[in-house]
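Notes follow the structure.
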Amino acid sequence: MRLTIHYFGQSAEIANCSSDTLEFAKGNTVRNVLDGIYARHPGLRQINIRLAINKKMADSSEVVSEDAMVAVLPPFAGG
Amino acid sequence: MLNAEEKSRYHRHLILQGFGEVAQEKLKRASVLVIGAGGLSCPALLYLTAAGVGRIGIMDDDRVEISNLQRQILFSSESVGRNKAQAAAEELRKRNPFIELAPIPERLTTKNALKLFGEFDIILDGTDNFSSRYLINDAAVLSRKPVVYGSIFKFEGQLSVFNYQNGATYRCLFPDPPAAGTVPNCAEIGVIGVLPGIIGTQQANEVIKIITGIGEPCSGKLVLYNSLKAEYTSVTISRNDDAVEKVRNNASLFEQMDYALFCGETSTNPRYEIDLVEFKRLLADGHITVLDVREPSELPELSYPKKIQISLRILPENTSKIPSLEQVVVICQSGKRSLAALRLLKDEYNFRNLVSLKGGIGQYV
């Protein structure tokens with residue numbers, strides 16, 4: 001299944017795009033999706049990201065459905 | 001009770017359906033501790049003052065710098081050099097004599113946090129670093145106070161309300177801080193001036209909603225704002241009871257906790273950091289190589305007789321370019337990334353010839 005990944009903040013800089021699409025197997029979990037994102041953009045391993053699936057912060061064991069919207073959320077320091 | 005002058009002042013609130021005198025009285029009885037008097041806090045303070053929040057604490061031990069004026073809208077050229085909390089309080093008093101403004105020209109620490117938080121109803125996080133944000137989270141959980149959170153990165157912002165009516169906390173969202181030096185702050189990468197204005201004003205709105213009970217505070221919700229597209233995205237956050245329990249169970253350790261160390265913002269070993277005086281001396285001696293770990297696009301451009309530029313992000317793939325015998329000084333804008341680079345190269349690649357410039361070259365130029 002193809003998933004569209006949306007990148008926010010510094011993750012968009014590291015991924016060098018605001019969104020891209022990656023291929024995953026049906027039944028893949030959030031953990032699998034995260035690993036896939038790291039494989040495509042290894043620089044993301046350094047910055048502590050969390051994934052939101054369909055606008056909800058996700059636990060790693062959740063199964064991701066076919067048309068899910070995935071957002072990559074890094075922490076921001078600035079104030 | 002509102003006096004005649006206050007009723008004139010807040011007239012537009014008093015006649016507003018859905019708000020009115022009851023809400024205005026609640027504002028008058030409320031107290032907010034604003035931590036940091038910078039980009040987010042300046043607009044938040046202006047609106048909380050205008051709204052008539054009865055008591056506002058302003059905490060900052062820093063001084064106004066000229067580069068603050070591009071976005072920290074409480075300050076002017078005359079404020080430069082003054083303590084930020086005091087300069088802010090003075091400006092705000094001119095605008096509303098009916099409220100109490102309490103400047104606290106100190107840094108928030110584990111020694112003063114719990115007592116201070118106990119004295120206010122709501123905490124507004126206007127800080128610009130992770131150690132403060134985690135400290136604020138933990139102190140708020142321990143003192144059972146809600147935190148109105150805002151943060152910014154270049155053109156994007158985040159907004160939420162933590163620890164409100166058993167809602168999610170900062171650690172439910174980001175349990176652990178990022179590795180030192182990996183997430184730069186505004187001093188290192190810049191920020192569009194209006195952005196903290198937008199996010200900070202929204203923080204004031206959340207404070208007002210919590211005090212008065214109107215609308216729905218952003219509890220359990222992370223609002224993301226992109227100023228380039230003027231787009232909002234909201235993501236729901238669940239409370240992680242383990243993350244909260246862990247803080248409560250470690251209550252007795254709180255005062256000993258070194259958040260700066262936890263977030264990698266300082267080094268345990270002073271031997272690995274040199275100051276500006278030492279750096280200049282080494283440059284004059286002529287035997288060092290400078291390793292610049294900023295992004296190539298970062299300004300100012302610097303030249304040294306022997307210089308290598310490799311950004312921290314891609315350091316692991318480029319270690320072969322770094323000399324391993326002669327003295328290498330690692331630099332970045334504020335000293336955080338260079339320290340992270342030093343740790344990485346020392347611990348994982350066995351470099352023994354590195355020091356990091358403490359405080360970065362930002363202080364140099």
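Taking the stretch B:211-227 as the range and being under 24 Å from B:GLU156 (Cβ atoms) and surrounded by 11 or more Cβ atoms within 10 Å (Cβ to Cβ) as the test, the residues that pass are B:GLY215, B:PRO217, B:CYS218, B:SER219, B:GLY220, B:LYS221, B:LEU222, B:VAL223, B:LEU224, B:TYR225, B:ASN226, B:SER227. When the stretch A:1-16 is filtered for residues that are surrounded by fewer than 18 Cβ atoms within 10 Å (Cβ to Cβ) and away from every other protein chain (no Cβ under 14 Å), the ones remaining, listed by number, are A:MET1, A:ARG2.
When B:VAL34 is tested against the conditions (1) farther than 22 Å from B:ALA89 by Cα; (2) outside any helix (DSSP H, G or I), the lone failure is (1). State whether one or more residues within the stretch B:23-40 are β-branched (Val, Ile, Thr), surrounded by fewer than 20 Cβ atoms within 10 Å (Cβ to Cβ) and either more than 22 Å from B:TYR225 (Cβ to Cβ) or touching a Lys or Arg at 6+ places or on another chain (Cβ under 8 Å) (or both). Looking for residues that are β-branched (Val, Ile, Thr), surrounded by fewer than 20 Cβ atoms within 10 Å (Cβ to Cβ) and either more than 22 Å from B:TYR225 (Cβ to Cβ) or touching a Lys or Arg at 6+ places or on another chain (Cβ under 8 Å) (or both), one finds none in the stretch B:23-40, hence no. Out of the stretch A:57-73, which residues are facing chain B (nearest Cβ under 9 Å), surrounded by 14 or more Cβ atoms within 10 Å (Cβ to Cβ) and more than 10 Å from the chain's Cα centre (by Cα)? Within the stretch A:57-73, just A:MET57 meets the criteria.
Just one of the numbered conditions (1) assigned to a loop (DSSP other than H, G, I, E, B); (2) farther than 19 Å from B:VAL148 by Cα is not true of B:GLN86: (1).
A search for C-beta distances below 7 Å between a residue of the stretch B:286-314 that is more than 14 Å from every other protein chain (Cβ to nearest Cβ) and any residue that is of a type in the set (Ser, Thr, Tyr) and in a loop (DSSP other than H, G, I, E, B), counting only pairs 6+ apart in sequence or on different chains, returns B:VAL290/B:TYR304. Which of the residues spanning the stretch A:40-56 are more than 11 Å from the chain's Cα centre (by Cα) and farther than 26 Å from B:CYS186 by Cβ? Selection gives A:PRO42, A:ASN54, A:LYS55, A:LYS56. Criterion applied to B:GLU119, B:GLU90 was being of a type in the set (Asp, Glu), more than 9 Å from chain A (Cβ to nearest Cβ) and touching a residue at least 40 places away in the same chain (Cβ under 8 Å), and the one residue passing it is B:GLU119. Restricting the stretch B:139-173 to residues that are surrounded by fewer than 24 Cβ atoms within 10 Å (Cβ to Cβ) and of a type in the set (D, E, K, R), the residue that is nearest to the other protein chains (Cβ to nearest Cβ) is B:LYS154. Note on the stretch B:154-190: residues that are under 22 Å from B:SER143 (Cβ atoms) and in a helix (DSSP H, G or I) amount to 4.
Condition test on B:VAL247, is it surrounded by 15 or more Cβ atoms within 10 Å (Cβ to Cβ) and within 30 Å of A:VAL70 (Cβ to Cβ)? For B:VAL247, the condition - surrounded by 15 or more Cβ atoms within 10 Å (Cβ to Cβ) and within 30 Å of A:VAL70 (Cβ to Cβ) - is met. Residues in the stretch B:53-72 that are crowded, with 19+ Cβ neighbours inside 10 Å and in a loop (DSSP other than H, G, I, E, B): B:VAL53, B:ASP60, B:VAL64, B:ARG71, B:GLN72.
Within the stretch A:28-56, the set of residues being touching a residue at least 24 places away in the same chain (Cβ under 8 Å), more than 7 Å from chain B (Cβ to nearest Cβ), under 27 Å from B:SER131 (Cβ atoms) and in a helix (DSSP H, G or I) comprises A:LEU34, A:LEU44. When you check B:GLU348 against the structure, is it of a type outside the set (A, V, I, L, M) and either at pLDDT 85 or above or under 23 Å from A:ILE47 (Cα atoms) (or both), yes or no? So B:GLU348 passes the test.
Condition check: under 18 Å from B:ASP125 (Cβ atoms) and either crowded, with 18+ Cβ neighbours inside 10 Å or of a type in the set (S, T, N, Q) (or both). Does B:ILE104 satisfy that? Outline the logic, then answer.
Values: under 18 Å from B:ASP125 (Cβ atoms): yes; either crowded, with 18+ Cβ neighbours inside 10 Å or of a type in the set (S, T, N, Q) (or both): yes.
It is true that B:ILE104 is under 18 Å from B:ASP125 (Cβ atoms) and either crowded, with 18+ Cβ neighbours inside 10 Å or of a type in the set (S, T, N, Q) (or both).
Among the residues making up the stretch B:111-127, those that are assigned to a loop (DSSP other than H, G, I, E, B) and buried (at least 24 other Cβ atoms within 10 Å of the Cβ) are B:GLY126, B:THR127.
Conditions tested, residue by residue: (1) within 14 Å of chain A (Cβ to nearest Cβ); (2) touching a residue at least 60 places away in the same chain (Cβ under 8 Å); (3) closer than 22 Å to B:THR127 by Cα.
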| site | (1), (2), (3) |
| --- | --- |
| B:ASP176 | yes, no, yes |
| B:ILE214 | no, yes, no |
| B:LEU222 | yes, yes, yes |
| B:MET257 | no, yes, yes |
| B:ILE274 | no, yes, no |
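Condition check for B:PRO184 on (1) facing chain A (nearest Cβ under 9 Å); (2) surrounded by fewer than 23 Cβ atoms within 10 Å (Cβ to Cβ); (3) touching a Cys at 6+ places or on another chain (Cβ under 9 Å): one failure, at (2).
The values are calculated or read from the model by the stated rules, or taken from the named source; none is laboratory data. All of these numbers come straight from a predicted model, not from anything done at the bench. Counting neighbours? That spans all protein chains shown, and the Cβs are built from the backbone with ideal geometry, glycine included.
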